[in-house]
Amino acid sequence: MMPMVPRAIIRRASSRYIAGATLDEAIATVRVLNDDGAMATLDVLGEYVTQLSQAETSVHEYNHALESIERNNLDANVSVKLSSLGLLIDSEYCFQRMRDLCQQAKERNNFIRIDMEDSEVTEVTLDIHRKLLEEFENVGVAIQSYMRRTQNDVSALIQQGANVRVCKGIYVEPRSVAWKDDGAVNRNFARAVRRLLERGCYVGIATHDESLVWETERIIEELNLDKSKYEFQMLLGVEEDLRRVILAAGHRLRVYVPFGSHWYEYSTRRLRENPKLAGYIIKGMLNGSK
Ligand SMILES: Cc1cc2nc3c(=O)[nH]c(=O)nc-3n(C[C@H](O)[C@H](O)[C@H](O)COP(=O)(O)OP(=O)(O)OC[C@H]3O[C@@H](n4cnc5c(N)ncnc54)[C@H](O)[C@@H]3O)c2cc1C
């Protein structure tokens, strides 16, 4: 049904989740978040590029974002989907562009998080992250607790001393690859967070699920962890009340801020992939923009 939904409706539905089409709009959003005590991570929309020239454009946009974060003295880093840097066209090219970006970020004392995409690219994404870690400290990766392989990946990431975002996972995967039971996904999430934190890895706890926030707070308490060892992470426009509760409890929290001219493709892809997401958006529209 997606092609039948008018562009204006998609724009309205996605506007609370996307900072805007331009870097200036994203920077303005980050400034507001910083003023509210939250950190941010900027995501330039534009995944699954089909030409290397598009990947080149993504690299330029990320460089501008890093430059602008520094110039405006903002508390923000960047999140990158490797498919936006040409992963599906030429993985070596993608790796070299990531090296360039890590170098840029290093010179600006900043950090790059590699988002995790669908299961077709899990292995190569972790591989590129591992190779980057041989050269750079300012790079981390995301893992998804719905994946059956996740605890093995956690073991490898612990060995690497990696900086890891743990999320549930957004892509629709076959049962052979991913857990389908919500309880199993949640227990796998908490287990991954616990194992990583116990072994001294920095963890980004990326969820809006209150029960997981509760569970991970207990893990943090139990391990008596300093606040500098982890952060909570949430998406722009989602569960803002819970965001304030987490900040009020004294935790560090980072908001994921997508922006860019490819907002339409991003929004429709997410909606097509994930009916649950469409449900959240419809609920949000019916409730008004709270
Ligand atoms: C900072 C951050 C980075 C992420 N990076 C990745 C990544 O690299 N790879 C990846 O596959 N996935 C990523 N995700 C998405 C993640 O995997 C989940 O799909 C998403 O966060 C929903 O899971 P949840 O833990 O919030 O739990 P859920 O049980 O799905 O959601 C809990 C509650 O949060 C609300 N909610 C959740 N998502 C939305 C939404 N989009 N709109 C409105 N309300 C919502 C609903 O009220 C829901 O009841 C990221 C998520 C965050 C927060």
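The values are calculated or read from the model by the stated rules, or taken from the named source; none is laboratory data. Nothing here was measured: the structure is a model prediction, and the numbers come from that model. FYI the Cβ positions are ideal-geometry reconstructions off the backbone, even for glycines, and counts take in every protein chain you see. Heads up: the accessible areas ignore ligands, DNA and RNA and are worked out on the full protein's heavy atoms, side chains in. Shrake-Rupley method; radii C 1.70, N 1.55, O 1.52, S 1.80 Å.
Classify the chain: rounded, prolate or oblate, from the alpha-carbon gyration tensor (a ≥ b ≥ c, eigenvalue square roots; a/c under 1.5 rounded; otherwise prolate if a/b is larger than b/c)? Please report the intermediate quantities before stating the final value.
Values: a/c = 1.19, a/b = 1.06, b/c = 1.12.
It comes out rounded by the Cα gyration axes.
Before anything else, pin down the relative contact order of the chain: Cα pairs under 8 Å, at least 6 apart, normalised by residue count, whole percent. Show your work: numbers first, answer last.
Details: 445 pairs, mean separation 70.8, N = 290.
Over the chain, the number comes to 24 percent.
Please list, in chain and number order, the residues 5+ apart from Met147 or on another chain whose amide H is under 5 Å from its amide H, with Hs placed from the backbone.
Trp179
Solvent-accessible area of Arg199, probe 1.4 Å, all protein chains present, reported in Å² to the nearest ten, please.
150 Å²
Please calculate the 1.4 Å probe accessible area of Ile89, with all protein chains present, and give it to the nearest 10 Å².
80 Å²
In terms of solvent-accessible area of protein heavy atoms at a 1.4 angstrom probe, what is the ranking of Arg149, Arg191, highest value first? Mind showing how you got there, number by number?
Details: Arg149 70, Arg191 125 Å².
Solvent-accessible surface, decreasing: Arg191, Arg149.
Express the accessible area of the chain per residue in Å², computed with a 1.4 Å probe while the remaining protein chains stay in the model. Before the final figure, lay out the partial values.
Values: 13940 Å² over 290 residues.
Computed with neighbouring chains in place, this is 48 Å² per residue.
Ordering His262, His129 by accessible area with a probe of 1.4 Å, largest first, what comes out?
Values: His262 75, His129 0 Å².
If we order His262, His129 from most to least accessible, we get His262, His129.
What accessible area, in Å² to the nearest ten, does a 1.4 Å probe give for Lys227?
80 Å²
Would you work out which of Tyr202, Cys94, Ile114 lies farthest towards the positive end of the dipole of the range 71-226, given +1 charges on the beta-carbon of Lys and Arg and -1 on that of Asp and Glu, about the Cα centre?
The one lying farthest along the dipole's positive direction is Cys94.
Within a Cβ distance under 9 Å of Glu117, other residues only, what is the Lys/Arg minus Asp/Glu net charge?
Values: positive: Lys81; negative: Glu47, Asp115, Asp118, Glu120.
So the environment of Glu117 carries a net charge of -3.
Using DSSP to call loops (not H, G, I, E or B), can you name the GluC sites (Glu not before Pro) in the range 92-194 whose Cβ has at most 11 other Cβ atoms within 10 angstrom?
Details: sites: Glu92, Glu107, Glu117, Glu120, Glu123, Glu134, Glu135, Glu137; in loops: Glu117, Glu134, Glu135, Glu137.
When the GluC sites (Glu not before Pro) of the range 92-194 are filtered for loop state and at most 11 Cβ neighbours within 10 Å, Glu134, Glu135 remain.
In whole angstrom, how far apart do the alpha carbon centroids of the range 135-197 and the range 73-87 sit?
When both Cα centres are located, 19 Å separates them.
Suppose every Lys and Arg Cβ carries +1 and every Asp and Glu Cβ carries -1, with no other charges. What dipole size does the range 28-165 come out with about its Cα centre, to the nearest 20 debye? Write down the numbers at each step before the final one.
Values: 13 positive and 23 negative charges, 52 e Å.
It works out to roughly 240 debye.
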